[in-house]
Amino acid sequence: MLPSGRARRSLSAPMPKPAIPERLSIANLLRPHYKTLAIGAAAVIGESFVNLLEPWPLKVVVDTVLKSQPVRNGWLNHVVFSVAATTSSRF
C-alpha cells in the first residue's frame, strides 16, 4: 500500500488506455448551431439581393423624369412604385 492510500499496481497488469477524444473538426463544433447559422446565412443572402436591387428604383425615377417618357407597364415597376408610395407617405 502506498502512503496515499492507493494500492500499488502490478507491473504485469496492462496499462489502461486513455480515452481517445472525438476528432475535433469545424463541422463538429458548428453542428449544435446549425439553425442559427442557417438563419444568418439566409439573412446575408437576402440583404445582398436587396442591395443589388437598390439602385433600380433610382434608375426608374431618373429615366422617367429626365427623358420624360412614361414608365412601361411592368410588374416590377408596379411593385417599386407601390413601395415608394407607401414609404413616402410614412415620412
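Ala41 falls short of the stated requirement of being surrounded by 10 or more Cβ atoms within 10 Å (Cβ to Cβ), assigned to a helix (DSSP H, G or I) and at pLDDT below 75. I'd like to check something: does the stretch 3-12 contain any residue that is out of contact with any helix residue (DSSP H, G or I) (no Cβ under 6 Å at 6 or more places or on another chain), modelled with pLDDT under 70 and surrounded by 10 or more Cβ atoms within 10 Å (Cβ to Cβ)? Within the stretch 3-12 (the criterion being out of contact with any helix residue (DSSP H, G or I) (no Cβ under 6 Å at 6 or more places or on another chain), modelled with pLDDT under 70 and surrounded by 10 or more Cβ atoms within 10 Å (Cβ to Cβ)), the answer is yes, since at least one residue qualifies.
Residue pairs whose Cβ atoms lie under 7 Å apart, sitting 6 or more positions apart in sequence or on different chains, and linking a residue in the stretch 12-28 that is within 30 Å of Ala38 (Cβ to Cβ) to a partner that is assigned to a loop (DSSP other than H, G, I, E, B) and at pLDDT below 70, are Asn28/Glu22.
The values are calculated or read from the model by the stated rules, or taken from the named source; none is laboratory data. Note that the coordinates shown come from a computational prediction; the quantities given were computed from them, not determined experimentally. Here Cβ is always computed from backbone atoms with ideal geometry, including for glycine, and neighbour counts include all displayed protein chains.
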